[in-house]
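**Student:** This is the structure I have questions about; it appears just below.
The values are calculated or read from the model by the stated rules, or taken from the named source; none is laboratory data. Please read all numbers here as calculations on a predicted model, not as lab measurements. Cβ sites come from the backbone with ideal geometry, for glycine too, and all protein chains shown count toward neighbours. Calculation scope for accessible area: heavy atoms of the full protein, side chains included, ligands and nucleic acids excluded. Shrake-Rupley method; radii C 1.70, N 1.55, O 1.52, S 1.80 Å.
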Amino acid sequence: MERPDITRAIAAATSVAASLGLPAEHATVLHNSNKLALRLTPCDVFARVAPVGQEVAEFEVELAQRLAEAGCPVCPLEPRVDPRVYTREGFAVTLWTYYEPVPPPLAPADYAKTLERLHAGMRRVEMASPRFTDRIADAEKIVADPHLSPELADSDRAFLGGSLTSLRRAIEERGAAEQLLHGEPHPGNVLATADGPLVIDLETCCRGPVEFDLAHVPEAVCAHYPNVDRGLLDECRHLVLAMVAAWRWERGDQFPHGRRFGEELLRLLRQGPPWPTLDAVTGRLVQAARLNG
């Protein structure tokens, strides 16, 4: 979000919390992208805020409740208020339990076990959700339309669009079993807490092969996850890099140093396999961005 929107979003979140009897005198921005993640104090609530119409908050709230009932390791909604979406001044606000992060970083074996438990619980939840191919279609739309990605060169547009189409076909032709997935279980969405690892940010949930989820996590985590189809995992890693590349070229993308990321991802895609993990690429690019200012 841009600074004026951040100010308005914070005001909406603190107003909602106060109206529910949760004192929110201060708000700390924990993450800023298409939505804002806030820690409200002194009530100690985790708030997620997005412009109305640009979120899937209703879906996320319902899914979080169902997954919690199924015993999944997900961050629960704030128990002191009704579990629903609150709207205020053009923003959708959801309130969640806040957890202090616990150092050190989550061990790969614990990360893998958390995903196993999440996937097992998701297999018991019946809920309409998008398919992973819908996310590919969203990326293809960005790449195909110069109005949505005006800075993407024509040669790169053709290359990236072709990659997305061929990868969709190759993965579907494998005929792998599909189930409900998190969609983006990268390290930023798996918290180490005093209550054990918990998964957050469920708005990207979709149906697909488990390897699609594993394509978002470090290799050390995949090594501890049982019965992984390594060939399918490799194709899914390739796909994830291509989708993220498309998002970085979208007009109005607010990811820090997004164009630099988009250029590097295109270079890696043209370079070919072996495909790096998303966390390795992101870590390297973040470090380079810091060094180069």
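**Student:** May I ask you to rank I200, I171 by accessible area, largest first, using a 1.4 Å probe over the protein chains only?
**Tutor:** Accessible-area ranking of I200, I171, largest first: I200, I171.
**Student:** Hey, another quick one. Under 11 Å from a point 7 Å along the Cα-to-Cβ line of L20: which residues of region 57-90 have their amide N that close?
**Tutor:** So the set is 77-87.
**Student:** In the chain, which longest range has no trypsin sites (Lys or Arg not before Pro) that are both DSSP loop (not H, G, I, E or B) and surrounded by at most 15 other Cβ atoms within 10 Å?
**Tutor:** Longest stretch, sites excluded: 1-79.
**Student:** Here is a further query. What FRET efficiency do you get for R169 and R267 if R0 is 25 Å and r is their Cβ-Cβ distance, rounded to the nearest 0.05?
**Tutor:** FRET efficiency, R169 to R267: 0.55.
**Student:** Further question on the same structure: Suppose each label sits 7 Å from its Cα in the direction of the beta carbon; what would the F255-S155 distance come out to in nanometres?
**Tutor:** 2.3
**Student:** Which one, P51, P103, P83, has the greatest fluctuation when you compute a Gaussian network model over the chain with C-alpha springs under 10 angstrom?
**Tutor:** P103
**Student:** Moving to a separate point now. Take the Cα atoms of the chain, find their three principal axes, and give me the spread along each one in whole Å, biggest first.
**Tutor:** Extents along the principal axes, in whole Å: 54, 42, 38.
**Student:** Now, a different point. Please go through region 1-100 and write out the GluC sites (Glu not before Pro) that DSSP classes as loop and that have at most 16 other C-beta atoms within 10 Å.
**Tutor:** The qualifying sites are E2, E89.
**Student:** Using a 1.4 Å probe and counting only protein heavy atoms, arrange I10, I142 so the residue with the most accessible area comes first.
**Tutor:** I10, I142
**Student:** Still on this structure, I have one more. I want to check the label-to-label distance for E178 and A11. Put each point 7 Å from Cα in the C-beta direction and report it in nm to one decimal.
**Tutor:** 4.4
**Student:** Apply the Karplus curve 6.51 cos²θ - 1.76 cosθ + 1.60, θ = phi - 60°, to the phi angles in region 249-257 and return the couplings in whole Hz, x for Gly and Pro.
**Tutor:** Residue by residue, region 249-257 yields 9, 5, 4, x, 4, 9, 5, x, 6 Hz.
**Student:** Quick one: helix 278-291 against the long Cα principal axis of the chain, what's the angle to the nearest 10°, folded into 0 to 90?
**Tutor:** 80
**Student:** If you average 1/r over all unlike Cα pairs in region 91-132 and invert the result, what Kirkwood radius do you get in angstrom?
**Tutor:** Over region 91-132, the inverse of the mean reciprocal pair distance is 13.7 Å.
**Student:** Before I look further, what does region 165-213 give for accessible area per residue, probe 1.4 Å, in whole square angstrom?
**Tutor:** Value returned for region 165-213: 37 Å² of accessible area per residue.
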